[in-house]
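Chemist: I have a structure here, written as structure tokens, and I will follow up with some questions on it.
FYI, it's all coordinate maths here, none of it is from the lab. These numbers were taken from a predicted model, which means no experiment stands behind them. Glycine gets a Cβ as well: all are built from the backbone with ideal geometry, and neighbour counts include every protein chain shown.
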Amino acid sequence: MRKFISLLSGGLDSSIAAYLMIKRGFIPVFLSFLTSDDANHSMKNKVIDLVKLLSKYTNNELKIYIINHDNNLEAFKQFCDRKLTCVLCKRLMLRTAKCLGSLENTKIHL
């Protein structure tokens with residue numbers, strides 16, 4: 001079983017990348033970072049709907065981990081130079097994906 005961690009944003013790029021990996025026989029484990037600013041959980045619902053759509057292309061059960069990103073963003077704003085917010089945010093996401101990959105016994109992160 002070839003599993004990989006897929007950072008799912010709700011946009012086209014991450015969804016298409018996951019689809020292409022599924023078509024090559026890989027099994028995605030989805031990871032999404034959301035904030036409470038997402039009105040009425042619309043982004044959470046969008047991510048869940050994308051996973052349901054992608055599940056049509058595999059016989060395997062797909063997992064999704066959704067992480068509340070509010071505290072992380074607040075810490076970046078409070079303790080770090082504002083110019084570094086995007087870099088620190090991406091770094092945190094990749095480190096989290098790496099940890100999740102260890103838990104899920106996978107070595108591939110998208």
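Chemist: Only Lys, Arg, Asp and Glu count, each charged at its Cβ (+1, +1, -1, -1), so figure out the dipole size of the chain about its Cα centre, rounded to 20 debye. Intermediate results must be reported in sequence, preceding the final value.
Modeler: Numbers: 17 positive and 9 negative charges, 96 e Å.
For the chain, the charge dipole is close to 460 debye.
Chemist: Same structure, new question: Would you mind checking which residues have amide H under 5 Å from ILE67's amide H? H placed 1.01 Å from N; only 5 or more apart, or other chain.
Modeler: HN-HN under 5 Å from ILE67: SER32, PHE33, LEU34.
Chemist: While we're looking at this one, here's another question. Can you pull out the trypsin sites (Lys or Arg not before Pro) in the stretch 11-110 that DSSP calls coil and that have at most 16 other Cβ atoms within 10 Å?
Modeler: Values: sites: LYS23, ARG24, LYS44, LYS46, LYS52, LYS56, LYS63, LYS77, ARG82, LYS83, LYS90, ARG91, ARG95, LYS98, LYS107; in loops: ARG24, LYS107.
Taking the stretch 11-110 and a limit of 16 other Cβ atoms within 10 Å, the loop trypsin sites (Lys or Arg not before Pro) found are ARG24, LYS107.
Chemist: Need one number for the stretch 1-85: average projected area of the convex hull over its C-alpha atoms, nm². Mind showing how you got there, number by number?
Modeler: Details: hull surface 25.7 nm².
For the stretch 1-85, averaging the hull's shadow over all directions gives 6.4 nm².
Chemist: Ok, one more. Residues with amide H under 5 Å of LYS3's amide H, sequence separation 5 or more or different chain, H placed in the peptide plane at 1.01 Å from N; which?
Modeler: It is ILE27, by chain and number.
Chemist: Right, next: By how many nm would the segment from PHE79 to ILE66 grow when fully extended, if each residue of separation counts as 0.36 nm and the alpha-carbon distance is taken off?
Modeler: 2.2 nm
Chemist: Stretched out fully, how many nm does the piece from LYS107 to ARG95 gain, at 0.36 nm a residue minus the Cα gap?
Modeler: Values: separation 12, 0.36 × 12 = 4.32 nm, distance 1.26 nm.
So the chain would gain 3.1 nm between LYS107 and ARG95.
Chemist: Indicate the helices, whole DSSP H runs only, in the chain that combine a mean Kyte-Doolittle hydropathy of -0.5 or more with a Cα extent along their long axis of 20 angstrom or more.
Modeler: Values: long enough: 85-103 (27 Å, 0.79).
Going by DSSP H runs, the hits are 85-103.
Chemist: Report relative contact order for the stretch 1-71 in percent, whole number only (criteria: Cα-Cα under 8 Å, sequence separation at least 6).
Modeler: 37 percent
Chemist: Just rank THR58, THR106, fewest to most, by other beta-carbon atoms within 10 angstrom.
Modeler: Values: THR58 16, THR106 19.
Going from least to most buried by this count: THR58, THR106.
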